[in-house]
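For reference, the structure discussed in these notes is given below.
The values are calculated or read from the model by the stated rules, or taken from the named source; none is laboratory data. In this text, all values refer to a predicted model and were calculated from it rather than measured experimentally. Here Cβ is always computed from backbone atoms with ideal geometry, including for glycine, and neighbour counts include all displayed protein chains. Each accessible area value is taken on the protein alone, full model and side chains, heavy atoms only, with ligands, DNA and RNA left out. Shrake-Rupley method; radii C 1.70, N 1.55, O 1.52, S 1.80 Å.
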Amino acid sequence: PQRLHAWKDKLSWGDLLTIHELLRAVQDASVKSFLFRQGDRDVKDQGTERGGVISITGGKAVAKEHLPIIRLSHNRKFTPRQSMIDALYTRAAHYHLHAQEHRNRDWAGPGLGDMDTADRMRFNYLVFTFIDENRLNVDFYRHGRVVVDLGTLRR
């Protein structure tokens, strides 16, 4: 289940506040523009997924790309550097893109590896998946296999 209502017994008020602030953050014009530009680069890059962190300071949201520690022969995995993991202790969320192509609907939402990482690391996470060239699906996830679909962003 990916509807917010399905998780009402597992989410704390802190989780709800985090989801609210992250939803506001990704709707910010500069963050949204950055995510689409990064996603377009990711579609062209066949050696890794791309990702980063979202910060919210003084009500201002910023998305910052972090390059992966390794590149592979495919783009279905993002392996963060230690500096990115360290940043997550004081940032709102880690994010990565499912952008193997612009029509990537079948891969929307976190995968099993994403969920295992969330259970192990216990940060807040977002995954952005291209639905088509002009829309990104947004999913929040965290430990406990909690996944909340936050809708789509339009370019």
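Determine the relative contact order of the chain: mean sequence separation of Cα pairs under 8 Å and six or more apart, normalised by residue count, in whole percent. In percent, rounded to a whole number, it is 21.
Sequence-ordered 3J(HN,Hα) estimates for the range 128-140 from the Karplus curve with 6.51, -1.76 and 1.60 and θ = phi - 60° stand at 10, 10, 5, 8, 8, 4, 10, 9, 10, 6, 10, 10, 8 Hz, glycine and proline given as x. Taking HIS94, HIS5 and ordering them by how much accessible surface each has at a 1.4 Å probe, largest first, produces HIS5, HIS94.
Mean residue ellipticity at 222 nm, helices only, the chain: -9500 deg cm²/dmol; runs of at least 4 DSSP H residues each add -39,500 (n - 2.57), and the sum is divided by the number of residues. Counting only alpha carbon atoms, the long axis of helix 112-121 and the longest principal axis of the chain meet at about 50°. Distances between every pair of Cα atoms in the range 1-54, grouped in 10 Å steps from 0 to the bin holding the largest one, split as 20, 35, 31, 14, 0 percent. When the label point is put 7 Å from the Cα of HIS102 along its Cα-to-beta-carbon vector, which residues of the range 46-68 have a backbone N closer than 17 Å? So the set is 46. Ranked by the mean number of other Cβ atoms within 10 Å of their residues, highest first, the peptides 81-92, 139-150 come out as 139-150, 81-92.
Take LYS60: with every protein chain present and a 1.4 Å probe, its accessible area is about 100 Å².
Pairs of lysines in the chain whose Cα atoms sit within less than 26 Å of one another amount to 7, provided the residues are eight or more positions apart or on different chains.
Could you state, as a whole-number percent, how many of the C-alpha pairs of the chain are farther apart than 28 Å?
Working: 1330 of 11935 pairs.
When every Cα pair of the chain is considered, 11 percent fall beyond 28 Å.
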